[in-house]
Structure formats: C-alpha cells, structure tokens
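Shown next, in structure tokens, is the structure this report addresses.
The values are calculated or read from the model by the stated rules, or taken from the named source; none is laboratory data. Model, not experiment: these values are computed from the prediction. Note that each Cβ is placed from the backbone with ideal geometry, even for glycine, and that neighbours are counted across all protein chains shown. Note: accessible area is taken over every heavy atom of the protein model, side chains too, but ligands, DNA and RNA are not part of it. Shrake-Rupley method; radii C 1.70, N 1.55, O 1.52, S 1.80 Å.
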Amino acid sequence: MSLRMWCGLLAGTLCLRLVLGWYLPVSPDEAYYWVWAHAPAAGYLDHPPMVALWIRAGCALFGDGGAGIRWIGTMASMFAIPFLAQAIRDFHAPFPEPSARGDDGGVIRGVALLQATLAMGVNAVVMTPDTPLLFFITVMLWAVGRLMATGHARWWLVCGAALGLAFDSKYTAVLPGAGIVAWLLLHGAGRAWLRRPAPWLGGIVALAAVSPVIWWNATHHWASLLRQGGRVGDWHAGRALGFLGELVGGQVGLATPGIFVMFIVGMMLVVRNARRVPAQGVLLWMMLVPMVVFTMHALGDRVQANWPVIVYPLLAVAAAQVTWAGWKPAVALGGVLCALVFVQAAFEPLPLSAHTDVMLRQVGGWPALAADVDGRAMPGDFVTACDYGTASELALYLPHRTVAGMEPRWALFNLPHELRGQGLMLCNPRRVFDRRYFATVEAVGSLRRHGRIRDAETLDLYRVRMADPVPPDQPPGIAILSRAPMTGPQASLPQDMLQAAP
C-alpha cells in the first residue's frame with residue numbers, strides 16, 4: 001500500500017472517530033471530567049487538570065455534549081502522528097543497515113501499529129486523562145529523538161516542557177521521565193550531557209510546568225498525590241500470579257494480539273542495540289522503568305489495564321524496525337477489533353449481558369434515564385445520585401435542573417456546597433449511601449437504564465429532603481454540579497443584581 005493510500009486511510013479513520021464522538025452517549029467518567037471543566041482548578045482528586053482544560057476548550061467550540069467533550073482529543077490523536085513519524089526516523093537513523101532505518105516503510109509500520117491498538121482507538125474517541133497523556137508523551141518522544149539525531153541542546157527544553165504537560169495530564173508521566181534520568185546516570189552518552197547545563201534547564205522547565213499541580217496538592221493536603229501514590233503500598237502477595245496474568249492479558253487485549261507480539265519483538269531489538277546506539281539506549285530506559293514499576297505493582301495488587309498505555313508510543317517506535325510481513329495482518333486485526341468494539345457500543349448486535357458488555361455499562365441509556373428522572377421530579381426538585389458518575393451524567397443531561405453530587409470527593413471542588421429543599425436521589429442497589437446527608441429518605445420505586453437492546457442497570461429511586469439547619473454530623477461532600485436557571489421576576493434583573501439578590 002502506498003504512502004498516499006495510508007494517508008487516505010488515516011483521514012478516513014479521523015472522520016469515523018469524529019462521527020463516533022458525536023454519536024455515542026457520554027460515559028460516566030467523561031461526564032465527571034466535564035464537571036471538572038466547569039469547576040476550573042489546578043488539580044483534582046483523581047488526576048491533574050489537563051483533561052478538564054481540553055474538554056472546556058472543546059465545549060466552548062461545540063457545546064456541552066459528546067462532540068464538544070471529545071473533539072480536541074480526537075484531533076490530537078491525529079496531530080500526534082507527525083511527531084511519532086519523525087521520532088521513528090530519528091531513533092533508527094543511526095543504523096547503517098537500511099532494513100533498520102526509520103525510512104518511510106518504518107514510519108508507516110510504527111504509525112499504523114499504534115493507531116490500530118484498541119488503546120489508541122478508544123482514547124481517540126472517548127476522552128480520558130490517557131488521551132492528552134498519549135499526545136504529550138509522543139511530543140516528548142519526538143523531542144528526545146530530535147536531541148539524539150541532532151545533538152542540539154535546545155531540545156532538552158522542549159523535552160522538559162512536553163514531559164511537564166504529560167504530568168499535568170496524568171501522574172504516570174513521571175515514569176518515562178525517570179527513564180530519561182536513569183539513562184543520564186547510567187549510560188556513557190547520558191553522563192556526558194550532565195556536564196552541560198541543557199538537561200538541568202530542561203528539568204527546570206518541567207518543574208515549572210508541573211508547579212500548579214504541586215501547588216494545588218500542597219493546598220489540599222496532598223489529596224491527589226496521596227490517592228495515586230498510596231496504591232504503591234498495596235500488597236497481596238498470594239495473588240501475585242493472578243495479577244501478573246491480568247497485566248499481560250490486559251495488554252494483549254489493549255494492544256491487540258498481533259501488535260502485542262510486534263511490540264515485544266521491537267523491544268527485544270532495542271535491548272540488543274542499546275549499548276552501541278545511544279538513541280536506542282534512552283528509548284530502552286524510557287520503556288524499562290514504567291514496565292518494571294507496573295510489574296512490581298502487579299506482584300502485590302491489580303494493575304489497571306490502561307496504566308501501561310503510556311509506553312505504547314515508545315513501543316511503536318521500537319516495533320517500527322521489525323520488518324516482518326505479518327505486521328499488516330496485525331494492523332488489520334487491530335482495526336477490526338476496534339471496529340467491533342464501537343459497533344457493539346453503538347448498536348449492541350451481540351447479546352452480551354450488562355456484566356460482560358463494558359461499553360453498554362459505560363454509555364448505554366444515559367439520556368433516556370435523565371429524561372425519566374426529570375419526568376418523575378416535581379417543579380423545584382433537585383436531583384442527585386450516590387455515585388459521582390451517575391450524578392455527573394444527570395448534570396450533563398439535565399441542565400435545567402439543580403443537580404448535586406453527594407460524596408466526600410466533591411468537598412475538594414470549586415463548586416457551591418449549600419443545598420436545600422427536597423428532590424430525587426438515584427442509587428444502584430449494590431451501593432450503600434450515607435443517609436446523614438438527608439433529613440428524610442423515602443423509597444419510591446426504581447428506574448432502569450436501558451441500552452438500545454438490553455438493560456444496563458437498575459437504580460433505586462428515593463425522595464429525599466435536606467435538613468435545615470444542617471446537622472453537625474453531616475459528612476462533607478455536597479456540591480451543586482449544575483443549578484437550575486432562575487425563573488420569575490428576578491430572571492430579568494441584570495447579572496450584577498442577580499448575584500446580589502437573596
């Protein structure tokens with residue numbers, strides 16, 4: 001297939017992803033990040049703020065919906081391709097043998113392998129912190145490749161900026177950064193750089209980029225860093241073999257089987273060449289540190305399948321030098337699996353249960369559920385839910401009602417925290433909610449969140465009333481995620497008078 005045909009295929013992939021982003025309902029995590037976007041801060045409990053910044057910019061262009069939430073992430077997945085292509089050329093340029101160089105054939109292989117992974121396919125459509133993380137890690141990879149190919153010290157500054165922005169997307173960005181530090185300390189070519197100011201200046205640039213996130217943590221009892229870093233201390237050694245199996249199986253699934261094999265072979269080639277080729281040495285360390293950390297974590301606790309995707313752009317660069325003819329079937333299989341996932345999400349052709357159909361559980365039936373709740377609520381009622389995902393979905397799809405979240409996590413948000421009156425609360429029967437939030441709680445039935453073909457879940461419905469005054473033992477964490485627009489005589493007052501109105 002010619003380069004022109006590959007470019008046409010990528011353009012068609014971009015159009016398909018944009019259509020899917022517009023068509024598919026917003027998942028609970030995306031709705032949660034959308035709430036972040038409307039409560040600007042330098043940090044949040046779960047992650048740094050980059051995903052919220054991207055969503056806020058996209059919604060400013062295309063409104064509060066799937067298109068606005070996902071547009072920038074989908075475009076970024078394509079904007080990253082030129083950076084990855086140049087990185088492939090630079091990391092493999094030192095090889096004298098043509099088969100290992102980053103020529104157009106190698107560039108096409110590396111780009112196609114990454115784009116055909118299920119991880120990239122999903123993150124190019126569904127907005128998560130991994131979406132900006134993958135983009136900035138690719139830019140960092142490009143900067144390191146340029147540094148290795150040209151020897152120009154200025155690329156350290158670009159590398160530091162990209163690494164800092166990747167950290168502002170997700171904390172795991174520190175792992176390939178630690179790999180660069182390991183290369184500087186342990187590789188001869190790296191130690192030569194330490195006698196020059198450029199790497200140190202790059203580190204200062206990275207620290208400047210992450211300083212708002214560090215400041216937010218420092219002023220919020222280090223809540224986010226402790227939440228993420230606390231997972232390192234989890235330890236269940238008796239289940240280590242099972243956790244390791246889940247780690248490998250998750251990567252076979254997210255990379256897709258053929259591409260996973262290509263990644264492994266590519267890394268083996270990098271290991272072979274690392275001593276004699278400095279570019280391959282730094283690439284190896286950037287891959288090795290995250291892999292060792294995730295493997296060590298799996299000895300004691302479960303590694304979420306999406307955590308290791310941070311190394312996928314690095315593995316794509318490594319696999320670009322694998323000249324097996326089987327790379328094309330591997331890419332084709334990856335593309336087919338990605339297509340099947342999104343066909344299932346959009347049309348549910350396979351009779352999977354809600355327990356096994358992840359996409360059904362995530363995106364099925366939220367607009368209809370919100371409309372059903374709205375139909376059961378009385379004028380002036382607020383609406384809430386016992387988990388952050390459902391509360392965020394209700395806030396997104398019920399902009400004309402006051403929607404509140406009630407969990408301790410909401411106490412850290414820059415949102416109004418006083419809620420009065422009565423309303424409806426939704427809660428999955430498998431969850432237990434804290435009744436201290438309410439003066440009265442009355443079960444009034446249940447609602448079903450229904451996908452296109454089958455139910456995704458059943459939710460219990462309660463009529464609740466807030467205590468007034470607030471009891472001293474009420475737990476923290478009430479936040480108003482969206483407020484009903486004011487109606488009546490005050491609605492025509494100027495905005496400054498509305499703000500002053502009682």
Among the numbered criteria (1) of a type outside the set (A, V, I, L, M); (2) crowded, with 24+ Cβ neighbours inside 10 Å; (3) touching a Leu at 6+ places or on another chain (Cβ under 8 Å), which single criterion is violated by P129?
(3)
By residue number, the members of the stretch 188-226 that are hydroxyl-bearing (S, T, Y) and more than 14 Å from L412 (Cβ to Cβ) are S211
Specify the residue that is nearest to P308 (Cα to Cα); the eligible residues are those in the stretch 160-179 that are among the aliphatic types (A, V, I, L, M) and surrounded by fewer than 24 Cβ atoms within 10 Å (Cβ to Cβ).
L175
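Among the residues of the stretch 373-399, which ones are assigned to a loop (DSSP other than H, G, I, E, B), within 19 Å of R465 (Cα to Cα) and in contact (Cβ under 8 Å) with a residue 12 or more places away in the chain?
Here is the first cut: in the stretch 373-399, the residues assigned to a loop (DSSP other than H, G, I, E, B) are 377-381, 386-387, 398-399.
Within this subset, residues satisfying the condition of being within 19 Å of R465 (Cα to Cα) are 377-381, 386-387.
Those that are assigned to a loop (DSSP other than H, G, I, E, B), within 19 Å of R465 (Cα to Cα) and in contact (Cβ under 8 Å) with a residue 12 or more places away in the chain: A377, G380, D381, C386, D387.
How many residues does the stretch 297-317 hold that are small (G, A, S), more than 15 Å from V111 (Cβ to Cβ) and open to solvent by less than 20 Å² (accessible area, probe 1.4 Å)?
2
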Can you name the residue in the stretch 139-159 that is β-branched (V, I, T) and either out of contact with any helix residue (DSSP H, G or I) (no Cβ under 7 Å at 6 or more places or on another chain) or within 17 Å of V174 (Cβ to Cβ) (or both) and, of all such residues, is surrounded by the fewest Cβ atoms within 10 Å (Cβ to Cβ)?
T150
Working only within the stretch 394-428, note down all residues that are within 28 Å of Q228 (Cα to Cα) and open to solvent by 60 Å² or more (accessible area, probe 1.4 Å).
P408, N414, P416, H417
Quick check on the stretch 2-15. Is at least one of its residues under 16 Å from the mean Cα position of the chain (by Cα), open to solvent by 10 Å² or more (accessible area, probe 1.4 Å) and aromatic (F, W, Y)?
no
Residue tally, condition under 19 Å from M262 (Cα atoms) and in a helix (DSSP H, G or I), over the stretch 297-322:
12
Under 6 Å by Cβ, and 6 or more places apart or on different chains, what pairs join a residue from the stretch 72-88 that is open to solvent by less than 10 Å² (accessible area, probe 1.4 Å) with one that is of a type in the set (D, E, K, R)?
T74/R17
Is it the case, given these coordinates, that L175 is part of a helix (DSSP H, G or I) and either in contact (Cβ under 8 Å) with a residue 40 or more places away in the chain or touching a strand residue (DSSP E or B) at 6+ places or on another chain (Cβ under 8 Å) (or both)?
yes
Any chance A404 is of a type outside the set (S, T, Y) and in a strand (DSSP E or B):
yes
In this structure, does V35 turn out to be crowded, with 20+ Cβ neighbours inside 10 Å, among the β-branched types (V, I, T) and outside any helix (DSSP H, G or I)?
no
If I ask for residues that are buried (at least 20 other Cβ atoms within 10 Å of the Cβ) and touching a Ser or Thr at 6+ places or on another chain (Cβ under 8 Å), which ones from the stretch 16-27 would you list?
R17, G21
Residue count, the stretch 1-32 (criterion: part of a helix (DSSP H, G or I) and closer than 30 Å to T390 by Cβ):
13
Restricting to the stretch 323-352, what's the tally of residues that are aliphatic (A, V, I, L, M) and assigned to a loop (DSSP other than H, G, I, E, B)?
3
Would you be able to say whether some residue in the stretch 318-334 is within 30 Å of L426 (Cα to Cα) and open to solvent by 10 Å² or more (accessible area, probe 1.4 Å)?
no
Would a scan of the stretch 114-128 turn up a residue that is within 27 Å of A208 (Cβ to Cβ), at pLDDT 95 or above and touching a helix residue (DSSP H, G or I) at 6+ places or on another chain (Cβ under 8 Å)?
yes
Check G58 against each of (1) modelled with pLDDT under 95; (2) open to solvent by less than 10 Å² (accessible area, probe 1.4 Å) and name the one condition it does not meet.
(1)
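Specify the residue that is nearest to W327 (Cα to Cα); the eligible residues are those in the stretch 113-142 that are assigned to a loop (DSSP other than H, G, I, E, B) and small (G, A, S).
Of the stretch 113-142, the ones assigned to a loop (DSSP other than H, G, I, E, B) are 116-117, 124-129.
Checking which are small (G, A, S) leaves us with 116, 124.
On the way: A116: 11, A124: 22 Å.
If we take residues in the stretch 113-142 being assigned to a loop (DSSP other than H, G, I, E, B) and small (G, A, S), then A116 is nearest to W327 (Cα to Cα).
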Here are some conditions: (1) open to solvent by less than 20 Å² (accessible area, probe 1.4 Å); (2) touching a His at 6+ places or on another chain (Cβ under 9 Å). A391 meets all but one. Which one does it not meet?
(2)
